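Reviewing the structure listed below.
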Amino acid sequence: MARSKNEPPPAVRSPLETKSQDRARADNLVSVAEGRLKLYDPQADNIQKFLDLMGQRINRPLALSFAACVHCGLCAESCHYALARPNDPTMTPAYKADQIRRIFKRHKDWTGRIVPWWVHARYPKDDEELNFLKNIVFGTCSACRRCTLNCPMGVDTAALIRFTRGLLTELGIVPEGIFNVNRDQWETGNQMAVTEEEYLQTIAWVRDELESETKIRGIEIPVDRPDCDFLYVINPREIKFDPRSLADAARIFHFAREKWTLPKWGWDMTNFGLFSGDDRLGAYVAENVYQAAARLRARRIVISECGHGYRSTRWEGYNWAGHDQSLPTESVIMTLVRYLRQGRIQVNPARNPEPVTFHDSCNIARSGDLVEEPRWVLRRVCADFREMEPHGRENFCCTGGSGLLSTPEYRPLRLEAAKIKAGQLRATGARLVCTMCHNCVDGLGDVIKHYKLDLRVVQVLELVSRALTDADVKG
Amino acid sequence: MSPLLRLLENEIQLCALSFLVIVYVFRILWILRFRPYRERTQPAGSERRGITYSLLNISMPWSMESVRMNRGFYLQFVIFHLGVAAAIAATFIIPYSPEVFRVRAVVLLFQVIISAALVVGLMRLSRRLRNPAVRLISTPDDYFSLLLMIVYFGAAILAVPNRYSSAEWPLILFFGLTAFFLVYVPFSKISHYLYYPFARYLLGKTLGHRGVLPPKGAKEGTDFGPLEK
């Protein structure tokens, strides 16, 4: 039977799955034993815990985002979920934020404490309601911050969503997929549980492949080399599924005569602390990277193409870790800009003749600082670059952000909301959609497949690598 | 002028205003009790520029897509708040500078602005009732505050001629509502204007530091490349 569009999506009724948590408990994982990875305890007073944590963790920007909403509803027009489901009012960002705001009002606000019904203030009744909250904050919002930038009052709904995720993660009330990645990152230091052996073997294999492809002897992918110009940190996806990205980077760095290294430990710049709202996990993962840079005396940290990895390592990580930034920390896109400006690599845009459009990652364009920079590079390495509309700060999410790729229970809703992204992509007429985010690569891949678009996803490094003319000379 | 009206226009207004100020002082202290956010990263932009842009955002309807695509909504916002400003101004003009409203053109100007605001208030109420998304998020406070504003605008239209010699009840209604407003506002959504500068300041500070605000256009990418970070 066809589902009525004005009903809330089934995603908000997803039950709390705890199989992985039960296994983690049975295996007595170190992170569980040390209390870093939290498990759900149905016997505990989770409501009280939730309220206590809320009281401890609210900071001033969050308090104002809770207090300042005037319920104008303008945010509905900036959210891809709300736009894709125009007859479903529960997709309005203010409604989603109100599910936590009502608890804040009941717990902290004067009016909400005295006459709660007047402002819809309410405590959650039981763990079922906390599970509903879990489905709202993990399943119906990609925390893309588009509504934040479109809110006349400056309410940061995405920050409220992340804050709520953090509280629920402390109680173990999290989607199983998010729990699994949190576990892997706590246990192994990287989100895909890549072992050191696997990591080093893949790097050696990538180097051998690159050597045979470019016919350049001595091309290097150094690991743990001290005193380099920069420490390069990557997404585990580059080891596990997409080593091409690392190969492209190594090739470019080689032609730029760069002195660089990967670390043996602390190489994962992705950070599920951003998605799960767990600042302690965020600090742990970011600190691994910062300590690797300090240990190897690198002069800067360069972050491979990843939206949330960039945001976590360049911006949030230092704040989570609680120490001031001491090293320049940049996206590899800025490294490419430097190479091109200094003439350290030569490129020919004719090598990329297909029409290319660029998808801005939310974590970079709205929570970071890079909008023009990737375009500056693409205009130099592509013959036919065209913008999608809207773009930059106003771009729509790939729909895979914020951990949604790890949560199959929310996938149907995510793909329904992807209608907006699909329309945007289709209108460009491009054959390639370029993004500087591994998460967006998968998110856009899903959109392209689901909506049967004639497009391929590429990354900036791939296009630059293809456009290199140094290869003609030296290869 | 009856003693009741005199009392309403003067002592009661001052008491209510003092109450509002005191409660707002506590509100601000309440906000400041929440710990501030400390940014530990090196900046990619300017906090000062971000804050300025964020605070002036409301006067730049082109700066936000939500407003750019809803020009009518923005116009309503401007008219509504002009009406609020005019009505508030009237509460001071009537008791302290009554000669201003002896100029018929001024009275008419105030009545036109406040009438337009009243119409906008009715449109906003209709939107709140008819738009399912807005209806779902609306609380009794949202409806009551809006209704109160509509009634207040109506009272202000009748009060600004300030002809207490012919009929006092419009002035009694207006000043009675003003006193109620001053007491009710700090506990209602209407106090959003108190939070506004704080919320926008903090958002502007964070996003200014990161170089997100003010937005950089393609024009800033020169032939020599984007700005150094």
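Read-outs throughout are calculated quantities, based only on the coordinates presented, and are distinct from any laboratory measurement. Please read all numbers here as calculations on a predicted model, not as lab measurements. Glycine gets a Cβ as well: all are built from the backbone with ideal geometry, and neighbour counts include every protein chain shown.
Mind ordering A:371-377, A:339-345 by average Cβ neighbours within 10 Å, highest first?
The densest-packed peptide leads the list: A:371-377, A:339-345.
Over chain A, what is the relative contact order in whole percent, taking alpha-carbon pairs under 8 Å and six or more residues apart?
This gives 15 percent for chain A.
Quick one: if you stick a label point 7 Å off each Cα along the C-beta vector at residue A:229 and residue B:22, how many nm between them?
6.7
Which value in Å is the Kirkwood Rh of segment A:123-229 over different Cα pairs?
17.9
Restricting to the protein assembly as shown, what percent of DSSP beta bridges are antiparallel, rounded to 5?
Bridges in the protein assembly as shown that DSSP calls antiparallel: roughly 10 percent.
With +1 on each Lys and Arg Cβ and -1 on each Asp and Glu Cβ, and nothing else charged, work out how big the dipole of segment A:173-328 is about its Cα centre, in Debye to the nearest 20.
Using Cβ point charges on Lys, Arg, Asp and Glu, segment A:173-328 gives about 540 debye.
Over segment A:331-475, what is the relative contact order in percent, taking alpha-carbon pairs closer than 8 angstrom and at least six residues apart?
Reported as a whole number, the value is 31 percent.
Provide the FRET efficiency to the nearest 0.05 for the residue A:323-residue A:13 pair, computing r from the beta carbons and using R0 = 30 Å.
For R0 = 30 Å, the calculated efficiency reads 0.10.
Could you put A:233, A:347, B:183 in order, starting from the residue whose Cβ has the fewest other Cβ atoms within 10 Å?
B:183, A:347, A:233
For B:44-52, what's the mean count of beta carbons from other chains sitting within 10 Å of each residue's beta carbon?
Mean number of neighbouring Cβ atoms from other chains: 1.
Obtain the radius of gyration and the Kirkwood radius of chain B from its C-alpha atoms and give Rg over Rh.
Using only Cα positions, Rg/Rh for chain B is 1.06.
How would segment A:314-415 be classified by its alpha-carbon gyration tensor: rounded, prolate or oblate, with rounded meaning a/c under 1.5 and the a/b versus b/c comparison settling the rest?
Since a/c reaches 1.5 but b/c is at least a/b, the shape of segment A:314-415 is classed as oblate.
Kindly express, to the nearest 10 degrees and within the range 0 to 90, the angle between helix B:192-209's C-alpha long axis and the longest C-alpha principal axis of chain B.
Relative to chain B, helix B:192-209 is tipped by roughly 10 degrees.
Mind pulling up the Rg/Rh value for segment B:58-190? Radius of gyration and Kirkwood radius, both on Cα.
1.01
As I understand it, the value is the acute angle between the Cα axis of helix A:196-214 and the longest principal axis of the Cα atoms of chain A; what does it come to in degrees, rounded to 10?
Computed tilt is about 40 degrees.
Once you order the gyration tensor axes a ≥ b ≥ c over the Cα atoms, which shape class does segment A:37-95 get: rounded for a/c under 1.5, otherwise prolate or oblate by comparing a/b with b/c?
Oblate.
Using only Cα atoms, find the angle between the long axis of helix B:169-184 and the longest principal axis of chain B, and express it within 0 to 90 degrees, rounded to the nearest 10.
Value to nearest ten degrees: 40.
With θ taken as phi - 60° and the coefficients 6.51, -1.76 and 1.60, list the Karplus ³J(HN,Hα) couplings across segment B:129-137 in order, rounded to whole Hz; mark glycine and proline as x.
7, 8, 7, x, 5, 6, 4, 4, 8
Mind checking which lysines have their C-alpha under 23 Å from residue A:96, skipping anything on the same chain fewer than 8 residues away?
Counting by Cα, and skipping residues close in sequence, residue A:96 has these lysines nearby: A:5, A:49, A:105, A:108, A:125, A:134, A:419, A:421, B:189.
Tell me the mean residue ellipticity at 222 nm calculated for chain B from its helices only (DSSP H runs of n ≥ 4, each -39500 (n - 2.57), averaged over every residue, nearest 500).
-22000 deg cm²/dmol
What ranking, highest mean first, results for peptides A:136-146, B:151-161 when packing means the other Cβ atoms within 10 Å averaged over each residue?
A:136-146, B:151-161
Determine the shielding of peptide B:63-69 by partner chains: average, over its residues, the number of Cβ atoms on other chains within 10 angstrom of each Cβ.
Whole-number average of other-chain Cβ neighbours for B:63-69 is 6.
Nearest 500 deg cm²/dmol is fine: what mean residue ellipticity at 222 nm does chain A get from its DSSP H runs of n ≥ 4 alone, each adding -39,500 (n - 2.57), divided by its residue count?
-14000 deg cm²/dmol
In peptide B:203-213, what is the residue-averaged number of other protein chain Cβ atoms found within 10 Å of each Cβ?
5
With a cut-off of 8 Å between alpha carbons and a minimum separation of six or more residues, what is the relative contact order of chain B in percent?
Once divided by the residue count of chain B, the mean separation gives 38 percent.
Which Cys residues of chain A have no other Cys Cβ less than 4.7 Å away and so no disulfide-compatible partner by this rule?
Unpaired cysteines in chain A: A:69, A:72, A:79, A:141, A:151, A:228, A:306, A:382, A:434.
Counting only residues 5 or more places away or on other chains, whose amide H sits under 5 Å from the amide H of residue A:434 once H atoms are built in the peptide plane?
A:357, A:358, A:359, A:458
For chain B, build the charge dipole from Cβ charges (+1 Lys, Arg; -1 Asp, Glu) around the Cα centre, then report which of B:19, B:45, B:114 sits farthest towards its positive end.
So the residue we want is B:45.
For segment A:330-475, I need the span (max minus min coordinate) of the C-alpha atoms along each principal axis, in Å, sorted largest to smallest.
50, 30, 26
Expressed in nm to one decimal, what extension gain is obtained for the pair residue B:144 and residue B:35 from 0.36 nm per residue of sequence separation less their Cα-Cα distance?
36.0 nm
In Å, what is the Rg of the alpha-carbon atoms in the protein assembly as shown, and how long is Dmax?
28.1, 101
Could you list A:268, A:22, A:442, A:279 in order of exposure, starting from the residue whose Cβ has the fewest other Cβ atoms within 10 Å?
Least to most surrounded, the residues fall as A:22, A:442, A:279, A:268.
If packing is taken as the mean number of other Cβ atoms within 10 Å per residue, what is the order of B:70-77, B:169-176, A:174-181, B:20-27, highest first?
Highest mean packing first, the order is A:174-181, B:169-176, B:70-77, B:20-27.
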